[in-house]
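J.: Below is one structure. I have some questions about it.
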Ligand code: 13P
């Protein structure tokens, strides 16, 4: 059966890689996915490697994602990087609201909204991350937490903006732990996200891409992708090896 949406896999390299290492990995990924047609692929290097990697991947099938952005366009904001600078470096996407930003750097729901809006304003496509902690899941608060994150992140986005977003469901307890959500657990939350966004923009719901992230590996991607509302993956650790990331893209897009 044909997929309702074109699958999308994005590597999030987090804090890894010199420029040379990032170029080598990006090149291997590009070569590995070159023959694939029915899938979108992106890689997410550190800020220092963004421009070089984007240049290397220019006009090819693999896009580049930044891992974060600030919401202001310019000014006295030491250490921050604007969406326009990220676009200028050659990026198509920017990840916003990753749970590591939320948990380790105190990023609040309102900041995620500002970042998503600024990214859209600069012509970037935001990959907006939501997901519950283990304590929230154990307390039965998964849907409530995801709903709150989603509603806050999407506040004041126009219908045209909503057309350009990607959502990533990343349960915090599954990130870097080797413990992925079961396909059924992922499907439940993905379906909820689609329904919730659909309440805002009904026509968009069938087209919205919702990625799963959290210990995605070559050996679990097929089962996840077999779920109706799982449209791809946001891949951390397994994207640091071209061999495993390319396998995820191939097996995930063929599932
Ligand atoms: P892992 O794939 O290493 O669990 O990381 C997931 C993630 O945080 C992607 O953004």
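J.: Between the range 61-115 and the range 134-201, how many Å separate their Cα centres?
T.: Each part's Cα centre sits 19 Å from the other's.
J.: Given points 7 Å out from each Cα along the Cα-Cβ axis, report the residue 255 to residue 58 separation in nanometres with one decimal.
T.: Result: 3.6 nm between the two label points.
J.: How far, in nm, would the chain grow between residue 159 and residue 217 when pulled straight, counting 0.36 nm per residue and subtracting the alpha carbon separation?
T.: Details: separation 58, 0.36 × 58 = 20.88 nm, distance 3.39 nm.
Stretched fully, the residue 159-residue 217 segment lengthens by 17.5 nm.
J.: Under the Kirkwood approximation for Rh and a Cα-based Rg, what ratio Rg/Rh is obtained for the range 13-141?
T.: Ratio value, two decimals: 1.01.
J.: Given the range 1-53 reduced to its alpha-carbon atoms as identical point scatterers, what log10 I(q)/I(0) does the Debye formula return at q = 0.12 Å⁻¹?
T.: The computed values of log10 I(q)/I(0) come out as -0.32.
J.: I've got another one for you. Taking the Kirkwood radius as the inverse of the mean 1/r across Cα pairs, report the Rg/Rh of the range 143-255.
T.: Reported Rg/Rh (Cα atoms, Kirkwood Rh): 0.98.
J.: At 0.36 nm per residue, minus the direct Cα-Cα distance, what do residue 47 and residue 139 gain on full extension? Give it in nm, one decimal, please.
T.: Roughly 29.4 nm would be gained on extension.
J.: A follow-up question, please. With 10 Å bins from zero, work out the P(r) of the range 41-93 over every alpha carbon pair and list the percent per bin.
T.: 28, 52, 18, 2
J.: Separate question: Given all pairs of different Cα atoms, what value in angstroms does the Kirkwood hydrodynamic radius of the range 81-215 take?
T.: 15.0 Å
J.: Per q in 0.24 Å⁻¹, report the Debye log10 I(q)/I(0) for the range 141-188, using one uniform scatterer on each alpha carbon and no solvent.
T.: Rounded to two decimals, the profile gives -0.98.
J.: Related question: Helix-derived [θ] at 222 nm for the chain: sum -39500 (n - 2.57) over DSSP H runs of at least 4, divide by residue count, nearest 500?
T.: -12500 deg cm²/dmol
J.: Rg to Rh ratio, the chain, alpha-carbon atoms and Kirkwood radius?
T.: Using only Cα positions, Rg/Rh for the chain is 0.93.
Bear in mind that the values in this text are calculations on the coordinates, not laboratory data. Treat the numbers as computed from the prediction; the structure is a model and nothing was measured. Positions of Cβ are generated from backbone atoms using ideal geometry, with glycine treated the same way; all protein chains shown enter the neighbour counts.
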